[in-house]
Amino acid sequence: MKFLLPLILLASSLAQLSAQEIFLDDVMSKEEQRKTGVYKLTTPQKIELENWLNRKFTLKEQAQAPSNAQSLSLSINIDNGKKLELSDNSIWEIAPGDVLRASAWIIPFPVKLSPSNDPAYPYLITNTVSGDSVKAKRWEKSSSGITPQK
């Protein structure tokens, strides 16, 4: 009996060894496990939770890119390139040094968002057709007008 539990745990672990499996210790930090209570689970409970997650969900890093990722596009050029509205209705303030470039963006075309190295304008909006990019920061619509996102 003393060796039965480790043997069951080993067999269960071996059954999970395929790629693309979710292992809580690999995908959750100690702090996340503490906040969610996962750290309190016994080993058999943790294995059962991992098995359930693997049957029901796919880990984001291993999932295919979302189908809507390619559908993001420029919708409206606001105030001669000072702001751009994208097809998801998000509004982006353009870095002053990139406004002239953005002012020429007047027809809809596909774009992608990625991080920039500028803390003041932490995103790049890239025209996926031309490869041209502008630095931006997100704005939110409010009932009193448009205000910058913190």
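Taking Asn89 as the residue in question, decide whether it is loosely packed, with under 11 Cβ neighbours inside 10 Å, assigned by TED's automatic domain parsing to the domain that holds Ala104, of a type outside the set (Lys, Arg) and modelled with pLDDT of 50 or more.
For Asn89, the condition - loosely packed, with under 11 Cβ neighbours inside 10 Å, assigned by TED's automatic domain parsing to the domain that holds Ala104, of a type outside the set (Lys, Arg) and modelled with pLDDT of 50 or more - is met.
Report, by residue number, each residue of the range 118-143 that is closer than 16 Å to Glu93 by Cα, at pLDDT below 90 and in a loop (DSSP other than H, G, I, E, B).
Asp118, Pro119
Please tell me if Leu100 is in a strand (DSSP E or B) and at pLDDT 90 or above.
Against the criterion (in a strand (DSSP E or B) and at pLDDT 90 or above), Leu100 does not qualify.
The values are calculated or read from the model by the stated rules, or taken from the named source; none is laboratory data. Not measured: the values here are computed from a predicted model. Quick reminder, even Gly has a Cβ in these numbers, built from the backbone with ideal geometry, and neighbours come from all protein chains shown.
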